[in-house]
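Here's the structure we're looking at; comments come further down.
The values are calculated or read from the model by the stated rules, or taken from the named source; none is laboratory data. This structure is a prediction, so every number in the text was calculated from the model and none was measured. Here the Cβ positions follow ideal geometry from the backbone for every residue, glycine too, while neighbour counts run over all protein chains shown.
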């Protein structure tokens, strides 16, 4: 599956200013697994001499000057992508997890008011397992389309494959040939879209002092910097975003907890009866909006309680799940992604998802996926939306969001969903921007 890592704007993320050597022509490649927008790349002057093609830190004179920050703001660190070892070490922080058997593509985009700079844009990841040439071509075509959409002028490509360490005298050779064939397919499709492959590397793993080499030029090689010491890793941690050891670890955040799910399932019939009784009372009063306003208020109270205690019991999970079965209340919940409750709500949806099944699980996971998508965490959004569709393949919103993510739509383009949610809440007399307790 091709998943796009869209990320947040440079000024908000506070990540790296990235300098590139004269031999790198332009942009950064397209995303597959949502990552983050992480900074800027300095275009060298035409007369700049080529940089040494080796890993590790660049000489003291190499780091580019980061964009000037306003007084009192944090100055983003410099990341030199003309030092492949440093760039490769930053990839886990950009993706949010340590990639394995993956191809990672990073987009480089021009900056309108800075002709000598490039922005390091979206990042994509795809499994290396591709059964045939047609699959590779589809991947290349999709990446080229995303590059055009993102107005990327070049890409950087990284192949991560532990099998290259095999002791077999033939297997690494065959794998390297297959990787080079994939690179050629990508070059052809990207070139047709006027997107250059600025550089391409391969590694067995991403680790301190591990080897890297040129994907098309194996004799060009070096050593990686320490991923834990990457400026991007530091920025990611300071931003409150964990870097997972693997994609499987990321997927564990929505994996079904059978014990918790059994406890919730036992309480769901009672929650349904309570809701049905409240609805019948509202019908007698001819006040269905009042019923929905009360449902919404109860969910918001649970969000605030969770924010204050970091605890979610089966009874609260069942109550919220039943409330989300009301389409107006569910739609209003999307508005929380752009409210003071955004972080608490996202964590609540994440905590709820393992305790539910079927359509109820799909609703919570879709809200979780949207929240992650809206703040630029593509990898986490992809995992959550996949969980939603596994639970309910007919979940229309999860399907739409998943497709948008795969086609590289930026977080700001899905902001109308949050606006619509706030409008739904406002129709019920609730202002999501100000109402509530602890955030």
> Just a yes or no: is a residue in segment 311-327 at pLDDT 95 or above, under 26 Å from residue 242 (Cβ atoms) and within 19 Å of the chain's Cα centre (by Cα)?
Replying inline: no
> Of all residues in segment 375-404, how many are free of Cβ contacts under 8 Å to residues at least 60 places away in the same chain and crowded, with 24+ Cβ neighbours inside 10 Å?
Replying inline: 4
>> Looking only at residues that are closer than 23 Å to residue 290 by Cα and buried (at least 24 other Cβ atoms within 10 Å of the Cβ) in segment 330-344, which one is farthest from the chain's Cα centre (by Cα)?
In response: 332
>> So, restricting to helices (runs of 4 or more DSSP H) that lie completely within segment 199-316, which ones have at least 3 residues that are farther than 27 Å from residue 154 by Cα and either free of Cβ contacts under 8 Å to residues at least 12 places away in the same chain or touching a strand residue (DSSP E or B) at 6+ places or on another chain (Cβ under 9 Å) (or both)?
In response: 247-251, 258-285, 288-309
> Of the residues 270, 292, which single one is touching a helix residue (DSSP H, G or I) at 6+ places or on another chain (Cβ under 6 Å) and more than 22 Å from residue 368 (Cβ to Cβ)?
Replying inline: 292
>> Restricting to segment 220-251, and then to whatever is modelled with pLDDT under 85 and within 20 Å of residue 83 (Cα to Cα), can you tell me which residue is surrounded by the fewest Cβ atoms within 10 Å (Cβ to Cβ)?
In response: 229
> Are any residues in segment 107-150 closer than 19 Å to residue 408 by Cα, out of contact with any strand residue (DSSP E or B) (no Cβ under 7 Å at 6 or more places or on another chain) and touching a residue at least 12 places away in the same chain (Cβ under 8 Å), and if so, which ones?
Replying inline: 136, 137, 140, 141, 142, 144, 145, 148, 149
> Which of the residues belonging to segment 91-119 are over 15 Å from the mean Cα position of the chain (by Cα) and in a strand (DSSP E or B)?
Replying inline: 102, 103, 108, 109, 110, 111, 114, 115, 116, 117, 118, 119
> Which condition number does residue 148 fail, the rest of (1) touching a helix residue (DSSP H, G or I) at 6+ places or on another chain (Cβ under 9 Å); (2) not in a strand (DSSP E or B) being met?
Replying inline: (1)
> Can we say residue 209 is farther than 26 Å from residue 243 by Cβ and surrounded by fewer than 16 Cβ atoms within 10 Å (Cβ to Cβ)?
Replying inline: no
